[in-house]
Amino acid sequence: MKLWRKKYKELESIEEEKKKYKEESSISFKEIIDGSILIGPLFRKQMLVIVLIFILCLVYITLRNYAEESYNMRLKLSKEVKDLRYESISVDADLMFIGKQSEVKKRVQKESLGLKVSKEPPIKIYKE
């Protein structure tokens, strides 16, 4: 008989704990609206988890914005490099054209510097 009473008391205590837990964990729409959920035991127990999730969300948002800015900067720099490459090729072609012997000769005559084309080939100077 004593064993039966002991088991009965254990079952009653378990049922009381279940009722207490249900009362603590039950959330009504009114509690959400009036803000009393923020001072309830369920919220206080989970405060650390909520703060951690909030911090992780902030980190995620920050990293996403940084990645987006980096991607946009990469596209901008890629376009600028492409434009500079085309400009470099254009300038190089102009310099090659200006550096031709016939073009140099025309510019010298146009500006009347009094220079003439040498009729003797260049000679090598050797060090003894």
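Read-outs throughout are calculated quantities, based only on the coordinates presented, and are distinct from any laboratory measurement. None of the values given here were measured: they were computed from a predicted structure. Heads up, the Cβs are rebuilt from the backbone with ideal geometry, glycines too, and the neighbour counts pull from every protein chain shown.
Brief remarks on what is shown
- Sorted by Cβ neighbour density within 10 Å, fewest at the top, the residues F43, F29: F29, F43
- Stretch gain in nm, segment L56-Y86, where the contour uses 0.36 nm per residue and the Cα spacing is subtracted: 6.3 nm
- Label of the coordinate-derived value, Rg/Rh (Cα atoms, Kirkwood Rh), listed as (i) 0.91; (ii) 0.96; (iii) 1.73: (iii)
- Selected from V104, I14, V59, residue furthest toward positive end of dipole (the chain; charges at beta carbon): V104
- With neighbours defined as other Cβ atoms within 10 Å of a residue's Cβ, the residues K76, K124 order from fewest to most as K124, K76.
- Segment K30-S102, extension gain: residue separation times 0.36 nm, minus the distance between their alpha carbons: 16.6 nm
- Taking Cα atoms only, the orientation of helix 47-98 departs from the longest principal axis of the chain by about 10 degrees.
- Principal-axis analysis of the Cα atoms of the chain puts helix 2-25 at an angle of about 40° to the longest axis.
- Counting only alpha carbon atoms, the long axis of helix 101-110 and the longest principal axis of the chain meet at about 70°.
- Most fluctuating residue given options K19, K116, K45, as computed from a GNM of the chain linking Cα atoms under 10 Å: K116
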